[in-house]
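The values are calculated or read from the model by the stated rules, or taken from the named source; none is laboratory data. In this text the structure is predicted, and so the values were computed from the model without any measurement. Counting neighbours? That spans all protein chains shown, and the Cβs are built from the backbone with ideal geometry, glycine included. What goes into the accessible areas is simple: the full protein's heavy atoms, side chains included, and nothing from ligands, DNA or RNA. Shrake-Rupley method; radii C 1.70, N 1.55, O 1.52, S 1.80 Å.
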There are 2 protein chains.
Amino acid sequence: MPKPGGRDGTETMVKRTSFAGDTCPIARSLEAIGDWWSLLIIREALFGLRRFGEFQNKLGMAKNILAVRLRSLVDHGILATAPASDGSAYQEYVLTPKGRGVFPILVALRQWSEEFDDNPEEIATVLVDRDKGRPVRKLELRAEDGRVLNMADTTLKPRPAPRRRSAG
Amino acid sequence: MPKPGGRDGTETMVKRTSFAGDTCPIARSLEAIGDWWSLLIIREALFGLRRFGEFQNKLGMAKNILAVRLRSLVDHGILATAPASDGSAYQEYVLTPKGRGVFPILVALRQWSEEFDDNPEEIATVLVDRDKGRPVRKLELRAEDGRVLNMADTTLKPRPAPRRRSAG
DNA sequence: GCAAATGGTTTTATAATGCAACCACACGAG
DNA sequence: CTCGTGTGGTTGCATTATAAAACCATTTGC
């Protein structure tokens, strides 16, 4: 069975496609956090988990997969390693500002489930305002002037060319 | 996509983990749209793409993968098939309300890239208010009374028990 | 009817995932 | 120091998902 370009040294790179160089910001996000586990790890990190064992225990995922994901998240600047806060020689994984910035994405995912899931009664938790203990509103997208926008009120424009600073 | 089930006793050596029965709404969302291509397909659908060939051409993905994804999205009620709008015998894939409800998730992903990407100058487009042509604000999370909340202002509570209708 | 386009499926190869076993190091007790 | 245990991984191997390309059935244009 001759396969195209097989044994002659020309390896066919059948890779999982990468969006790293894509100009679409959504694709670029997915490049960093667009897999099953990464967002769940970040979710747990937002909850305060820090140790390898904590993530592994809470998420019930294979240790090798967790290790790969943690490395990837560190590489992407979403997590950072730090010496353990309890004085031991172990290390911890803590969210960077970039990692904490994922919060709105998680809220959007949560609210989508709350609104459209076929069995919403199976959802165990509600995101509430800490002060009042009342559920939060749906995320709002607003114009510069404050008007609430829905999808039809928006459009995409090419990014304006970067303004060059005059010989700073 | 991972096989559904796994919680209902019909479990047959489930390999790739499924979050279908998870009580976390984020996991439930990821079950439906938590893979590389689904969100990009939805993005293109929001832009108006409808035909198999349009998706395949625009996203540059393998046809078999596209076919699997489209089927999955239809199964999840995110897309629906419809007779072609141009009168031909072909079919089209159109977003359901549930599919259009993904919009805020895409906005959140976009804004995360805009804020934290290492090379934001590579991002080609800006989401703007259609009326004014001005960039939109960051998504805002608000309390019931209108206060803008950040992550620290929120917490999770168990979902209140469903109110039972007074029988009869 | 025939060629080309459309919308897939099948085949085959590679990469990712998952489980279990293994291993290095830290730490505590003796 | 040595043993035993917990933590934090890595390594093999089997299974699954993804990918490219070939193939195929309809539909459309002519």
| said: When you check A:LEU66 against the structure, is it more than 11 Å from DNA strand D (Cβ to nearest atom), in the same structural domain as A:ILE33 (by TED's automatic domain parsing), within 14 Å of A:ILE41 (Cα to Cα) and open to solvent by less than 50 Å² (accessible area, probe 1.4 Å), yes or no? | reply: no
| task | Answer with yes or no whether B:LEU79 is more than 8 Å from chain A (Cβ to nearest Cβ) and either farther than 22 Å from A:GLY99 by Cα or acidic (Asp, Glu) (or both). | result | yes
| message | I need the full set of residues from the stretch B:141-160 which are facing another protein chain (nearest Cβ under 7 Å) and either touching a Ser or Thr at 6+ places or on another chain (Cβ under 7 Å) or under 21 Å from A:LEU95 (Cα atoms) (or both), in order please. | response | B:LEU141, B:LEU149, B:MET151, B:ASP153, B:THR154, B:THR155, B:LEU156, B:LYS157, B:PRO158, B:ARG159
| said: On the basis of being assigned by TED's automatic domain parsing to the domain that holds B:SER88 and within 11 Å of DNA strand C (Cβ to nearest atom), does B:PHE47 make the cut? | reply: no
| request: Could you please find all residues in the stretch A:82-118 being modelled with pLDDT of 95 or more, surrounded by fewer than 18 Cβ atoms within 10 Å (Cβ to Cβ) and touching a strand residue (DSSP E or B) at 6+ places or on another chain (Cβ under 7 Å)? | output: A:VAL94, A:THR96
| Right, B:GLU121: farther than 20 Å from A:GLY99 by Cα, facing chain A (nearest Cβ under 7 Å), in a loop (DSSP other than H, G, I, E, B) and open to solvent by 60 Å² or more (accessible area, probe 1.4 Å) or not? | no
| note | When (1) closer than 19 Å to A:TRP36 by Cβ; (2) open to solvent by 50 Å² or more (accessible area, probe 1.4 Å); (3) modelled with pLDDT of 95 or more are applied to B:MET13, the one that fails is (3)
| message | Quick test of your reading of the structure: B:ARG43 fulfils all but one of (1) assigned to a helix (DSSP H, G or I); (2) touching a residue at least 12 places away in the same chain (Cβ under 8 Å); (3) open to solvent by less than 20 Å² (accessible area, probe 1.4 Å); (4) within 8 Å of chain A (Cβ to nearest Cβ). Name the failing condition by number. | response | (3)
